[in-house]
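Note sheet for the following structure.
What follows is calculated from the coordinates using simple rules that are stated; it is not laboratory data. Just so you know, these numbers come straight off a predicted model, no measurement behind them. Don't worry about glycine lacking a Cβ; one is built from the backbone with ideal geometry, like all the others, and counts go over all protein chains shown.
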Amino acid sequence: MSNILVINCGSSSIKYALILQDYDYRLYGLAENLGTPNARISGLTYNAQENRQEKFEVELGQADHAQALEVAMKRISHFKFDAIGHRVVHGGTMTQAQVINDQVIQDIKNISNLAPLHNPANLIGIDATMKLYPDLPQVAVFDTAFHQTMPKKAHLYALPRDLYQEHGIRRYGFHGTSHAYVSERASTLAGQKNQGGWVVAHLGNGCSTCAVWNGKSLDTSMGLTPLEGLVMGTRSGDVDPSLHLFLNINLGWDIAKIDQVLNKQSGLLGLSNLSNDMRTLVEAAESGNEDAQIAIDVFVYRLAKSMAAMSCALPKLDGLIFTGGIGENSGFIREKVIRSLPHFGLSLNAENNATRAKEIRIDDDTGPQIWVIPTDEEGRIANETRQIALGENVF
Ligand code: AMP
């Protein structure tokens, strides 16, 4: 297998990781606040003289994406890589990763109205690496692609047909790279690679559930945008669609303000009026903070409802999978969710559930399996890049 550079470019940040075939570690970094006076980069580099990895942190002045990338590339220059994989948030109806060429760039631009904050930022990263490495193959790996197997009954909204046919208004789903990775891992560990029915809960700052049958997504909780579905760190998830009208008429809020509140000031943060961080909320609830407790209760109840709903997409339920910062690390939340699904015949192995951030089975083998699988979106992007750009048989 080959070495792959993975890039995840945001509007003012670049996350990168060098996935090395012969090493059990990765070099990675995060450049933040790009285009502002506080631009900086930190991560893990390789010290060739002393043959060891070491942390680094550098102030970048007012560096833009291209300048930050040049600094980042110096920190991994000891190693060669064979291709570059880019995370691209919205791939519209593209069903798999694409080798980047002029047509693919145009396609990503054409669907930027569906992800106006993300796709243009992803294109900045693609442009910068194309200039730095014009001879390397580059691949776009889409967050939406895994969900393109959703049938119409799952991806259509009950809206006038024209809105779907003329304007592409439908459910797309996100976190596809994560759902694909953890469902493949869990099914492999269960001895039935890409077989059976799994309900996945990706619980990070963004949260979504997914129904996976024989390795294919049949439904997911996010929709046209990543706002639909579960309660998240700062996103509301599902609300009554008439809320917009209500807020406009009664509070005089315009559409930009409503969008801002639903995306940035709602979810766990809005409910608790304290934090979007689950750790903070669990601690506060333990010390008697009622708003933190309510935020956790709403989060868990809505999550359990969504997991039950996802099971409707599956002919049979083999197991549940938890991933993302909360899903991987909080046995407390996992236990509460399992308790909220009493009719599923689930039973938890308390000792395994108390183990943190490992690939581990946490049921006691009397009902559907329950797995904790740390996600690895970068590893999955690297593997899709190997397969699509270099023809390596990695899956
Ligand atoms: P992510 O976006 O996947 O990095 O996940 C971020 C979320 O994971 C935040 O809400 C964190 O509070 C949460 N998280 C990380 N570790 C824990 C933990 N031990 N218990 C509860 N939540 C955690």
Check whether at least one residue in the stretch 271-285 is closer than 24 Å to residue 310 by Cβ and either outside any loop (DSSP other than H, G, I, E, B) or away from the ligand (no atom under 16 Å from the Cβ) (or both), and report yes or no. yes
Being surrounded by fewer than 16 Cβ atoms within 10 Å (Cβ to Cβ), of a type in the set (S, T, N, Q) and under 16 Å from residue 85 (Cα atoms) is the filter here; which residues of the stretch 1-46 pass it? 21
Could you run through the stretch 256-270 and say how many residues are within 16 Å of the ligand (Cβ to nearest atom) and farther than 14 Å from residue 235 by Cβ? 0
Specify the residue that is nearest to residue 238 (Cα to Cα); the eligible residues are those in the stretch 195-209 that are touching a helix residue (DSSP H, G or I) at 6+ places or on another chain (Cβ under 7 Å) and more than 15 Å from the ligand (Cβ to nearest atom). 199
Which residues, counting only those in the stretch 84-133, are over 22 Å from the mean Cα position of the chain (by Cα) and basic (Lys, Arg)? 131
Of all residues making up the stretch 358-380, the number that are loosely packed, with under 12 Cβ neighbours inside 10 Å and not β-branched (Val, Ile, Thr): 2
Does residue 266 qualify as being closer than 20 Å to residue 148 by Cα and touching a Ser or Thr at 6+ places or on another chain (Cβ under 7 Å)? no
Find all pairs meeting these conditions: Cβ atoms under 6 angstrom apart; at least six residues apart or on different chains; first residue within the stretch 281-298 and closer than 15 Å to residue 340 by Cβ; second residue within 12 Å of the ligand (Cβ to nearest atom) and assigned to a loop (DSSP other than H, G, I, E, B). 298/231
For residues that are more than 14 Å from the ligand (Cβ to nearest atom) and among the hydroxyl-bearing types (Ser, Thr, Tyr), scanning just the stretch 300-332, find the one that is nearest to the chain's Cα centre (by Cα). 306
Considering every residue within the stretch 304-322, establish whether at least one is more than 30 Å from residue 25 (Cα to Cα), exposed (fewer than 15 other Cβ atoms within 10 Å of the Cβ) and not basic (Lys, Arg). yes
Among the residues of the stretch 109-168, which ones are without any contact (Cβ under 8 Å) to a residue 12 or more places away in the chain, outside any helix (DSSP H, G or I), within 30 Å of residue 15 (Cα to Cα) and of a type outside the set (Asp, Glu)? 116, 134
Quick check on my filter: what residues within the stretch 1-47 are under 21 Å from residue 120 (Cβ atoms), among the small types (Gly, Ala, Ser) and within 21 Å of the chain's Cα centre (by Cα)? 10, 11, 12, 13, 31
Any hit, the stretch 340-347, residues being more than 16 Å from the ligand (Cβ to nearest atom), touching a residue at least 40 places away in the same chain (Cβ under 8 Å) and within 19 Å of residue 202 (Cβ to Cβ): yes
